[in-house]
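> Right, I'll just put the structure down here and ask away after.
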Amino acid sequence: MTQRPRVVLGVGGGIAAYKACEVLRGLTETGHDVRVVPTAAALNFVGAATFEALSGNKVHTGVFADVPEVPHVRLGQEADLVVVVPATADLLAKAAHGLADDLLTNTLLTARCPVLLVPAMHTEMWEHPATRANVATLRSRGAVVAEPASGRLTGKDTGKGRLPAPAEIVDLVRLLIEHPAALPRDLEGLRVVVSAGGTREPLDPVRWLGNRSSGKQGYALARTAVQRGAEVVLVSAHTQALPEPAGAVVEHVGTAEQLRDAVHRAAAEADVVVMAAAVADFRPAERAEHKIKKSDDAPDPAIALTRNPDILAELVRARRAAQTIVGFAAETGDSGTGVLDFARAKLARKGCDLLVVNAVGEGKAFETEDNSGWLLGADGSERPIRLGSKARMATEVWDAVTKFRTGSPDTPG
Ligand code: CTP
């Protein structure tokens, strides 16, 4: 795509409309040309001036403005993606039934690009059979209806129906522009565990041994698994500040041993386990009760290390019937042995079903936005993953997992 991707941002009339401003900001800052199309009800929550200022484009709600430009047809036809934030129960119903009484619903009918509807509503409305049926209809026609988050709703209520974090919505938009078929509902009925981030192994109450893992790859795996229909437990060690994936149960841990306990607990019920966490291989043999002090009268302390358990190898040994286990390998290679040779040996040693291989070092993989690598299968298959976003890499992993589970042959992409 040479020009800026064109996104239509529909805004429904719910209180979460204010978060559409942050989504708009996130999209313009990442190089998207955004046309905002609010419903009349949305303008009760956010003024058109805000959308115009943030997008740099004029904003209309009805079909009778700029008539010679035929916007009710052109906006949808020309878009690379339409995203609706928030998609209210009313908007989902209209879209499911093909109603077209304003500019946004007309645009939804003319769009031939990926359509992402991001619902936000009270739990009762989300769970109502009418909404369930509308969501099923829209999904069956190829629209992506995002899973909402759980948590605080308007007023005193909590439950499922919160809008996912704006940064998460921006990620999903970017993924669907990059790869329109990235979010099929093919993980429905599966329980998935993903570990993410880097463990921290304490030396004393204020210091630890850690690593540079940002957690982004693991979070992208959890986020995309939820949106493909899985029930997801994300066991998160230390990460950069990242939005929690909507719809996932997130368990925060610190050390490798805590991560091990949480992953084993969740894995006992899971169909798929993905170990994306950077687990410290060693921890300090002693954890000082008080802060370690330097002293001119005593020699500088040496740190003795002890081995942490290999959680992935343990998971393979404790594997449930039909459970799929995916490992990650961060490799630099060395003067004699290449990244892939190390990775093949690691796959054999760990005994997992799939191994995602990242070449790391010199700015690759850690703390970066993009990733590339290979997917190695225990059946001897080998598939390169070209450079793309971490969400894109997550998509390749889930594609490989579903192929592995259904026994279909892997075809290099
Ligand atoms: N892993 C694990 N427990 C550990 C270390 C690693 O479960 N104590 C998992 C990681 O989550 C990853 C895989 O094992 O899925 C490979 O991690 P990596 O650090 O690349 O390999 P190591 O086993 O540490 O081997 P080496 O350091 O020799 O490369």
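The values are calculated or read from the model by the stated rules, or taken from the named source; none is laboratory data. Bear in mind that the values here come from a model prediction, so they are computed numbers and not experimental data. As a convention, Cβ positions derive from the backbone with ideal geometry for all residues, glycine included, and neighbour counts pool all protein chains shown.
> Can you list the helices (runs of 4 or more DSSP H) lying wholly within region 128-242 that have 2 or more residues being of a type in the set (A, V, I, L, M) and touching a residue at least 60 places away in the same chain (Cβ under 8 Å)? Let's see the steps before the verdict.
Numbers: elements: 129-140, 166-178, 216-227.
In region 128-242, 166-178, 216-227 are the helices (runs of 4 or more DSSP H) which contain 2 or more residues that are of a type in the set (A, V, I, L, M) and touching a residue at least 60 places away in the same chain (Cβ under 8 Å).
> Here is a further query. If only one of ALA262, ALA280 is within 24 Å of ALA165 (Cβ to Cβ) and either out of contact with any strand residue (DSSP E or B) (no Cβ under 8 Å at 6 or more places or on another chain) or of a type in the set (Gly, Ala, Ser) (or both), which one is it?
On the way: ALA280 fails: within 24 Å of ALA165 (Cβ to Cβ).
Only one candidate passes the filter, namely ALA262.
> Here's a check for you: in region 340-362, which residue that is in contact (Cβ under 8 Å) with a residue 24 or more places away in the chain and more than 10 Å from the ligand (Cβ to nearest atom) is surrounded by the fewest Cβ atoms within 10 Å (Cβ to Cβ)?
So, considering only residues that are in contact (Cβ under 8 Å) with a residue 24 or more places away in the chain and more than 10 Å from the ligand (Cβ to nearest atom), the one surrounded by the fewest Cβ atoms within 10 Å (Cβ to Cβ) is GLY361.
> Checking VAL263 against (1) outside any loop (DSSP other than H, G, I, E, B); (2) more than 9 Å from the ligand (Cβ to nearest atom): exactly one of these is not met. Which one?
Against the list (1) outside any loop (DSSP other than H, G, I, E, B); (2) more than 9 Å from the ligand (Cβ to nearest atom), VAL263 comes up short only on (2).
> Name the one entry in ARG307, ARG283 that is over 26 Å from ALA378 (Cα atoms), more than 7 Å from the ligand (Cβ to nearest atom) and in contact with a helix residue (DSSP H, G or I) (Cβ under 8 Å, 6 or more places away or on another chain). Talk me through it step by step, then tell me what you get.
On the way: ARG307 fails: in contact with a helix residue (DSSP H, G or I) (Cβ under 8 Å, 6 or more places away or on another chain).
ARG283 is the lone residue from the list that is over 26 Å from ALA378 (Cα atoms), more than 7 Å from the ligand (Cβ to nearest atom) and in contact with a helix residue (DSSP H, G or I) (Cβ under 8 Å, 6 or more places away or on another chain).
> Based on this model, can you work out whether ALA365 counts as modelled with pLDDT under 95, within 12 Å of the ligand (Cβ to nearest atom) and touching a Ser or Thr at 6+ places or on another chain (Cβ under 8 Å)?
Details: modelled with pLDDT under 95: yes; within 12 Å of the ligand (Cβ to nearest atom): yes; touching a Ser or Thr at 6+ places or on another chain (Cβ under 8 Å): no.
Judged against the criteria, ALA365 is not a match.
> Right, something else. Kindly list, by first and then second residue, each pair from a residue in region 85-110 that is under 13 Å from GLY10 (Cβ atoms) and in the same structural domain as LEU43 (by TED's automatic domain parsing) to a residue that is among the hydroxyl-bearing types (Ser, Thr, Tyr) and assigned to a helix (DSSP H, G or I), limited to pairs with Cβ atoms under 6 Å and residues at least 6 apart or on different chains.
LYS94/THR105
> Kindly list the number of the only condition in (1) out of contact with any strand residue (DSSP E or B) (no Cβ under 6 Å at 6 or more places or on another chain); (2) under 24 Å from THR123 (Cα atoms); (3) surrounded by 20 or more Cβ atoms within 10 Å (Cβ to Cβ) that fails for LEU108.
Here LEU108 clears every test but (2).
> Could we say that ALA270 is assigned by TED's automatic domain parsing to the domain that holds GLY254, in contact with a Lys or Arg (Cβ under 7 Å, 6 or more places away or on another chain), surrounded by 20 or more Cβ atoms within 10 Å (Cβ to Cβ) and outside any helix (DSSP H, G or I) here?
yes
> Sticking with this one: If only one of ALA329, ALA321 is assigned by TED's automatic domain parsing to the domain that holds GLY373, at pLDDT below 95, under 23 Å from LYS403 (Cα atoms) and more than 12 Å from the ligand (Cβ to nearest atom), which one is it? Give the derivation first.
Details: ALA329 fails: more than 12 Å from the ligand (Cβ to nearest atom).
The conditions single out ALA321.
> Is it the case that region 301-318 has a residue that's over 17 Å from ALA278 (Cβ atoms), among the charged types (D, E, K, R), assigned to a loop (DSSP other than H, G, I, E, B) and assigned by TED's automatic domain parsing to the domain that holds ARG200?
Among the residues of region 301-318, not one is over 17 Å from ALA278 (Cβ atoms), among the charged types (D, E, K, R), assigned to a loop (DSSP other than H, G, I, E, B) and assigned by TED's automatic domain parsing to the domain that holds ARG200, which makes the answer no.
> Please specify each residue of region 146-181 satisfying the condition of being buried (at least 17 other Cβ atoms within 10 Å of the Cβ), small (Gly, Ala, Ser) and more than 29 Å from HIS264 (Cα to Cα).
GLY161
> Quick check, is ASP296 farther than 20 Å from GLY210 by Cβ, touching a Leu at 6+ places or on another chain (Cβ under 8 Å) and away from the ligand (no atom under 15 Å from the Cβ)? Walk me through how you get there before you give the answer.
On the way: farther than 20 Å from GLY210 by Cβ: yes; touching a Leu at 6+ places or on another chain (Cβ under 8 Å): no; away from the ligand (no atom under 15 Å from the Cβ): yes.
Answer is no for this residue.
> Restrict the check to region 37-48 and report whether at least one residue is among the small types (Gly, Ala, Ser) and touching a residue at least 60 places away in the same chain (Cβ under 8 Å).
Start the filter on region 37-48 by keeping residues that are among the small types (Gly, Ala, Ser), which leaves 40-42, 47-48.
Right, trim to touching a residue at least 60 places away in the same chain (Cβ under 8 Å) and you get 40.
Looking for residues that are among the small types (Gly, Ala, Ser) and touching a residue at least 60 places away in the same chain (Cβ under 8 Å), one finds at least one in region 37-48, hence yes.
Per-residue answers, yes or no, for (1) surrounded by fewer than 17 Cβ atoms within 10 Å (Cβ to Cβ); (2) within 20 Å of LYS94 (Cβ to Cβ); (3) not assigned by TED's automatic domain parsing to the domain that holds PRO71:
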position: GLY13; (1), (2), (3): no, yes, no
position: GLU22; (1), (2), (3): yes, no, no
position: HIS32; (1), (2), (3): no, no, no
position: VAL36; (1), (2), (3): no, yes, no
position: PHE51; (1), (2), (3): no, no, no
position: LEU54; (1), (2), (3): no, no, no
position: VAL59; (1), (2), (3): no, yes, no
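> Of (1) surrounded by fewer than 22 Cβ atoms within 10 Å (Cβ to Cβ); (2) more than 27 Å from LYS160 (Cα to Cα); (3) over 26 Å from the mean Cα position of the chain (by Cα), ASP80 satisfies all except one. Which?
Against the list (1) surrounded by fewer than 22 Cβ atoms within 10 Å (Cβ to Cβ); (2) more than 27 Å from LYS160 (Cα to Cα); (3) over 26 Å from the mean Cα position of the chain (by Cα), ASP80 comes up short only on (3).
> Still on this structure: Which condition number in (1) modelled with pLDDT of 95 or more; (2) under 20 Å from ALA17 (Cβ atoms) is the one that THR154 fails?
Tallying (1) modelled with pLDDT of 95 or more; (2) under 20 Å from ALA17 (Cβ atoms), THR154 fails exactly one: (1).
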